[in-house]
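The values are calculated or read from the model by the stated rules, or taken from the named source; none is laboratory data. Every value quoted in this text rests on a predicted model; they were computed, and no experiment measured them. Positions of Cβ are generated from backbone atoms using ideal geometry, with glycine treated the same way; all protein chains shown enter the neighbour counts.
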Amino acid sequence: MRKIKIFDTTLRDGEQSPGATMRHREKMLLAKQLEKLGVDVIEAGFPIASDDDFRAVKEISETIKGPVIAGLARAIDKDIDRAWEAVQNAKKPRIHTFMSTSDIHIKEQFKKTRKDALEMSVTAVKLAKSYCNDVEFSPMDATRSDPEFVFQVLEAVIKEGATTLNIPDTVGYAQPSEFGQLIASVRENVQGIENVAISVHCHNDLGLAVANSLEAIKNGATQIECTVNGIGERAGNASLEEIVMSLETRKSFFDAGTDINLKEIFPTSQMASNFTGISVQRNKAIVGENAFAHEAGIHQHGLLANRQTYEIMCPELIGKKIAFVLGKHSGRHATKQVLEEMGFELDEKQLQQVTAKIKELADKQKTVLDEDIVAIAEDVTNQLRKEEKRIVLNELRIEAGNKTTPTAYLSLLIDGKPVEAEGTGVGPVDAVSSALQSVVPTKVSLKEYNLKAITGGTDALADVVVKVANGSGKVHTAEAINEDVIMASANALIKGINKALAKEGAVEK
Ligand code: KIV
Ligand code: ZN
């Protein structure tokens, strides 16, 4: 089986995504996670672009020992010097240099000729090679270039010592069969190509970055440039997880595989999304929230009999825990499984009642939360779950306005005892949070608060997710949905605090 190298450019092309910015510490942590994931190459940044980029590439080079660390450079001396300065201390350094080969770029952007572009490419590789043995060259916009000119440039840079030739579909223009054909023709027409690695770098403007990369593998590419969650310039780059899982799931079709540690795929995706602030589309293949969520009753029933009925790969493989989504299409089998996991034991009649009530609720509201299921099951079975509810909200009142300090008044039951709480804040939600904090142990702290509207309009459902830490620093996540933002916030906070308190001592008033 052929080994396909994974060249991760999340920290370079991924960071170029509109709206993505990572702090220095986050880049370091992500680089460590990419090493754990088992990528072969980390393109750590574009050192000439800024001092921050330079510092990140330098520190990653000095810290990460497993993968090759690449620094990007235009075909300009000062870029190459700076890239080398940044990667020279890496255990396995690489300089990645590029020059456009399409006429539109050469003439319109650079105001140069093909001859100039050829000379710049050769000079750049020669200089890079004088520093570093591992040199990658990319003919930018290759898919809109005259193939004969691309062959000519590639042949020339091989003679100067380039060790990897990367064919970029810079503007995401190519179609899969056409791109595969281009890779095959590079192999046929470029002298010396058999001594270097062939890489591809596909953008997703037409949603074809992964398809094009896979087609390139079929036609002899041995390195794929990609990013976690497919982030990158404009519509993004080829998605690392989709390529890796295609190769994994269809091993015999491709007769090729990677060294990626599959269990780290989901944690890496979550980390990249948290650090860049770019959330993963819900139905995104492999790492989206819905990627393994089965709602149709017939599917859930099939899965319980044999997971392969509706799953071509299992979520545990990528480090994700499976969750059934109970909704109006769910049947008794799935409901039973979910409830058993929650600690309920139901007889057949109770199970039917709970299933019917869940469907009834799902008709009214799109999302049925765990807490709704618990409430229904408790109601039907008269059982109380073991999970403690030490704080219960009886009443919430808010005073707010443009001339009033936002104040929250809470009437609670804490360990069965009535407690009144009052708090002020910069807004009503902050006031609720300080009222709650005033009556729970000081060791409980709010780490994160996220609000999103589920539907549009001013009557949108508010979905609040909070992270609450207990004294030992363990973080508990809780979610609540309500038509009222403040109620959703209060419920999520109370739920999070209850979880955090579950293993703490008694509530101090
Ligand atoms: O998209 C592109 O062409 C690039 C090159 C620098 C490889 O990112
Ligand atoms: Zn790119």
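Restrict the check to region 39-58 and report whether at least one residue is closer than 16 Å to ALA142 by Cα and touching a helix residue (DSSP H, G or I) at 6+ places or on another chain (Cβ under 9 Å). Taking every residue of region 39-58 in turn, none turns out to be closer than 16 Å to ALA142 by Cα and touching a helix residue (DSSP H, G or I) at 6+ places or on another chain (Cβ under 9 Å). For region 264-273, the condition holds for at least one residue, the condition being that it is among the hydroxyl-bearing types (Ser, Thr, Tyr), touching a residue at least 12 places away in the same chain (Cβ under 8 Å) and either part of a loop (DSSP other than H, G, I, E, B) or touching a Ser or Thr at 6+ places or on another chain (Cβ under 8 Å) (or both).
Which residues, counting only those in region 1-17, are within 16 Å of ligand 1 (Cβ to nearest atom) and either loosely packed, with under 15 Cβ neighbours inside 10 Å or not in a loop (DSSP other than H, G, I, E, B) (or both)? Hits for region 1-17 are LYS5, ILE6, PHE7, ASP8, THR10, LEU11, ARG12, ASP13, GLY14. Take the conditions touching a Ser or Thr at 6+ places or on another chain (Cβ under 8 Å) and either assigned to a helix (DSSP H, G or I) or in the same structural domain as SER100 (by TED's automatic domain parsing) (or both) and apply them to ALA235. Does it pass? It is false that ALA235 is touching a Ser or Thr at 6+ places or on another chain (Cβ under 8 Å) and either assigned to a helix (DSSP H, G or I) or in the same structural domain as SER100 (by TED's automatic domain parsing) (or both). Screening LYS447 against (1) in a strand (DSSP E or B); (2) at pLDDT 90 or above; (3) surrounded by 13 or more Cβ atoms within 10 Å (Cβ to Cβ); (4) not hydrophobic (A, V, I, L, M, F, W, C) leaves a single unmet condition, (2).
Scanning region 33-42 for residues that are among the charged types (D, E, K, R) and part of a helix (DSSP H, G or I) yields GLU35, LYS36.
Residue by residue, here is whether (1) assigned to a helix (DSSP H, G or I); (2) assigned by TED's automatic domain parsing to the domain that holds LEU165; (3) surrounded by 23 or more Cβ atoms within 10 Å (Cβ to Cβ); (4) away from ligand 2 (no atom under 16 Å from the Cβ) holds:
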site: GLY19; (1), (2), (3), (4): no, yes, no, yes
site: ALA31; (1), (2), (3), (4): yes, yes, yes, yes
site: ALA44; (1), (2), (3), (4): no, yes, yes, no
site: ASP52; (1), (2), (3), (4): yes, yes, no, yes
site: ARG55; (1), (2), (3), (4): yes, yes, no, yes
site: GLY66; (1), (2), (3), (4): no, yes, no, yes
site: ASP81; (1), (2), (3), (4): yes, yes, no, yes
site: THR97; (1), (2), (3), (4): no, yes, yes, no
site: HIS105; (1), (2), (3), (4): yes, yes, no, no
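Restricting the first member to region 182-203 and to residues that are touching a residue at least 40 places away in the same chain (Cβ under 8 Å), and the second to residues that are within 15 Å of ligand 1 (Cβ to nearest atom) and of a type in the set (Phe, Trp, Tyr), the beta-carbon pairs closer than 9 Å and six or more apart or on different chains are SER199/PHE7; HIS201/PHE7.
Okay, residues lined up against (1) outside the structural domain of ILE373 (by TED's automatic domain parsing); (2) basic (Lys, Arg):
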{"residue": "VAL287", "(1), (2)": "yes, no"}
{"residue": "ILE298", "(1), (2)": "no, no"}
{"residue": "GLY302", "(1), (2)": "no, no"}
{"residue": "ALA305", "(1), (2)": "no, no"}
{"residue": "GLU316", "(1), (2)": "no, no"}
{"residue": "LYS321", "(1), (2)": "no, yes"}
{"residue": "LEU326", "(1), (2)": "no, no"}
{"residue": "HIS329", "(1), (2)": "no, no"}
{"residue": "ALA334", "(1), (2)": "no, no"}
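Taking the criterion of being closer than 17 Å to ALA142 by Cα, of a type in the set (Ser, Thr, Tyr), at pLDDT 95 or above and touching a helix residue (DSSP H, G or I) at 6+ places or on another chain (Cβ under 9 Å), would at least one residue in region 216-229 satisfy it? Within region 216-229, not a single residue is closer than 17 Å to ALA142 by Cα, of a type in the set (Ser, Thr, Tyr), at pLDDT 95 or above and touching a helix residue (DSSP H, G or I) at 6+ places or on another chain (Cβ under 9 Å). If you go through region 236-261 and keep only what is away from ligand 2 (no atom under 16 Å from the Cβ) and under 14 Å from the mean Cα position of the chain (by Cα), you end up with GLU241, GLU242.
Here the condition is being crowded, with 20+ Cβ neighbours inside 10 Å, without any contact (Cβ under 8 Å) to a residue 40 or more places away in the chain and more than 13 Å from ligand 1 (Cβ to nearest atom); of VAL153, VAL157, it holds for VAL157 alone.
Return a yes/no flag: does region 353-369 have any residue that is hydroxyl-bearing (Ser, Thr, Tyr), within 30 Å of the chain's Cα centre (by Cα) and part of a loop (DSSP other than H, G, I, E, B). Yes, the conditions are met somewhere in region 353-369. Figure legend. Inter-residue proximity from region 276-304: first residues under 17 Å from ARG332 (Cα atoms), second residues β-branched (Val, Ile, Thr), beta-carbon distance below 7 Å, spacing 6+ or different chains. Indicated pairs: ALA293/VAL325; GLU295/VAL325; GLY302/THR309; LEU303/THR309.
For (1) under 19 Å from GLY220 (Cα atoms); (2) within 13 Å of ligand 1 (Cβ to nearest atom); (3) not in a loop (DSSP other than H, G, I, E, B), each residue gets a yes or a no:
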| site | (1), (2), (3) |
| --- | --- |
| LYS126 | no, no, yes |
| ASN166 | yes, yes, yes |
| VAL171 | no, yes, no |
| ARG187 | yes, no, yes |
| GLU194 | yes, no, yes |
| ILE198 | yes, no, yes |
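Evaluating ILE48 against the criteria (1) without any contact (Cβ under 8 Å) to a residue 60 or more places away in the chain; (2) crowded, with 24+ Cβ neighbours inside 10 Å leaves one unmet condition, (2).
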